C-alpha cells in the first residue's frame, strides 16, 4: 500500500525565528509533553495562569479537586497531574471506590498545565468528571479559567484499514427539493460495499431515500442545519477506494455539497488550483526504485466529478478542466519489493503538480521527499545519513530523481553528486528498520562547491512503532545552548525515551533516558527529535524538555593563595557565555575585563576575590580566597623609601589603570 509519511506517528513541528535580541529565553523554554500510544484516547488538558498577589501579602494555597460524576457509570481509574515548566508540581489518583481526589498547590503562582486521563467503565465505555481549582480556604469557589469538565473514553479498538466514515454538516438556506447523487469512482477498483449514508436533523433521521444505489434520490428539505453521516468499505485486497457525493437544490441555489471522499488506505489528495479553463496533462511515472511496481495510477477530480485519470503503463492523459480547485489522487501496489512513483499535472505553460509517493511491501519502507523550493539549474549534493538512533537501520538505498528519471543512486547511506535542471527534484529513500525497533534517517540537499549552502533537510523515523515528535528551529545568531530531557516517570517510567539534535544531516548530541548536552549553534536550521515508548501496560508517559541559552561559566584562581600582608598575588580568570563581568574584593575592581586574563593585586588582609559574569543564560560567580600572614617587623624612625617600595607603588599604579574589554 502507499506509504503515508505521517501515518501511525504523532509529528509536531514548530518553527521559531530566533534573533540575537530575543535569545534570552532560549529556543524552547521549559515545558512538558504527554506521549500517548496510538490507541489511547486523548487526555483532557487545561493550561491556566495564577497571578501573584500584592507584595507583602501571602500567596494563597490552592486545592485541586477531581470529582467523578459516575455518569453514566463510575470510572475505574483516573490520574491527575499538574506541571509547571518542565517539572511536575503534583499528582494524584482516584482511589478505587472513591468519587473525589484532591491535590494541593501550595502558594501557587505562574503558568500551570493540568492533565487528566484514566479508564472508564467497561460496560459504558465512557465516564464524566469535573476538576475544580480553588483557594484552599474556599475549595468550592472554583477559578473559572483554571477549572474544567470532561470525559474519559475507552481505549480505541484497532481500526479496520478498509473502513472509512463520513460526517458533514449541510446548511439549507432555501427550502425545497434537493437531489442527492452518489458515484463510485472505482479508483483504484470498485468499493467492496456501497456507502451506507444517512441524513439527520438534530437527533432525528430525515425520512426518505439516501443516495445509495439506485442514485440519484430526491429529498424535500426545510431550511436549517443537517448532518450527513456515512460509512464505506474498500476492496479487501486493494484496501483503497474513492466515491463522490453531490447535493443540488432548486434552480439558482448553490449546491450544498460536491466532493470526493477517500476510503481505506488511499493517501490524501494533493490540492491544486487550476487558474483557468484549459487542457491539462496527467502523467504517472514508475521510478522502479528500489523495484518496479505492478500497478500505478492517478485520478483528478473537481468536486464530485472525475475529470481525468492516467496510469504508468498507459502513458500521459490529456483532458479539459474548468477553472477552480482540483484534487489529485494516487495509488500504487508492489509485488515483490517496495517501489516509488511520480505524479505530474501540467498545462501548456505551467506545472500544477510534481510530487511523488513511496509504496511499501514487507520489510522496506520507501519515502519520497520533494523539497518545497525548486532548484536552480546547477550542481548539487544530496546526503542520506543513518543517525543510528535509537538503533541502526538494517539497510538503506538512496536516489535523486527529476522529471521521472533517476539522476543518481546509491545502495547505502552517503552523498550523491548530481546536476539538476531548473525545477523540483525528488529524494527517494528505501530503508529497512532495525530488527529491534525503529531508526532515524536524515536526507538533505546542499549546493556544490567549497562552501555548500543547505537547500533542504528532512528527518524521518523508520518503522514508527514509537511516538515521534520533531521540532525545527531557525537560529538567527550564533549562541551556546543546553538541551535537557527528563523522564518525569508519570504514570510510570518510559520504556524508551531518547532525544537527538541535528543540523545539516550531522548529529550534534543525543540523550537516552534523560540528561543534558550542550550545542554551539551558528545561524541555520536545527532539528530536535524525541522518541518515546510508554512503559508496558501504560497508555501515557510524561517528559520535560528545554533548550535554553547556556549559563556563563567563571573560573577564578589565585597564585599564590597565601602571602605576607602587603604582598602580591596573581588572579587569573576564564569565562564562557558571558557578556559582562564585575570584579570585587580588595583592590580587585572593574567591569570591563577580558574573557580571559590575569592581574596582580596587593593583599592587605585575608580576602575573597569574586568575578561575577552575566550572559543571556543568567549569571555565575567565580571566587578565589587569598590568606594574608603577618609580615616582617618594621624598624622605627622612618627613613627613605627603598627601591623595592618604589617598584611596588609603580605596580599598583599599573594595576589601577588596567582595563580591557570583555570579548
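Per-structure values
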| item | result |
| --- | --- |
| For region 101-254: relative contact order, % (alpha-carbon pairs under 8 angstrom, 6 or more apart) | 26 |
| Dimensions (Å) - region 535-580, Cα atoms, principal axes, largest first | 71, 25, 11 |
| Likely footprinting exposure, 511, 531, fewest C-beta neighbours within 10 Å first | 511, 531 |
| Relative contact order of region 273-446, pairs being alpha-carbon contacts under 8 Å that are 6 or more residues apart, as % | 21 |
| Region 163-264 - Rg and Dmax from Cα coordinates, angstrom | 13.8, 43 |
| Label point distance in nm, residue 377-residue 126, each placed 7 Å from Cα along Cα→Cβ | 6.2 |
| Order of 489, 537 - criterion: other Cβ atoms within 10 Å of each residue's Cβ, fewest first | 537, 489 |
| Cα gyration tensor, region 18-103 - rounded (a/c under 1.5), prolate or oblate | oblate |
| Alpha-carbon Debye profile of region 273-446, log10 I(q)/I(0) at 0.16 Å⁻¹ | -0.95 |
| From the C-alpha gyration tensor of region 41-153, square roots of 5λ in Å | 27, 14, 11 |
| At q = 0.17, 0.23, 0.26 Å⁻¹, base-10 log of I(q)/I(0) for region 277-343 (Debye sum, equal scatterers on each alpha carbon) | -0.59, -0.89, -1.04 |
| Percentage relative contact order, the chain, counting C-alpha pairs under 8 Å, at least six apart | 11 |
| Cβ-derived FRET efficiency at R0 45 Å, residue 95 paired with residue 205, nearest 0.05 | 0.55 |
| At R0 = 56 Å, FRET efficiency that the Cβ-Cβ distance of residue 422 and residue 151 yields, to 0.05 | 0.55 |
| Distance (nanometres) between label positions extended 7 Å along Cα→Cβ at residue 179 and residue 570 | 9.8 |
| Likely footprinting exposure, 405, 281, fewest C-beta neighbours within 10 Å first | 405, 281 |
| Isotropic mean projected area of the C-alpha convex hull, the chain (nm²) | 43.6 |
| Acute angle (nearest 10 degrees) that the helix 643-657 long axis makes with the longest principal axis of the chain, alpha-carbon atoms | 30 |
| Taking only Cα atoms of region 102-250, radius of gyration then Dmax in Å | 23.4, 68 |
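Quick note: the coordinates plus some simple rules give every number you see, no bench work behind them. Keep in mind the model is a prediction, meaning the values are calculated, not measured. Cβ: placed from backbone, ideal geometry, glycine included. Neighbour counts: every protein chain shown.
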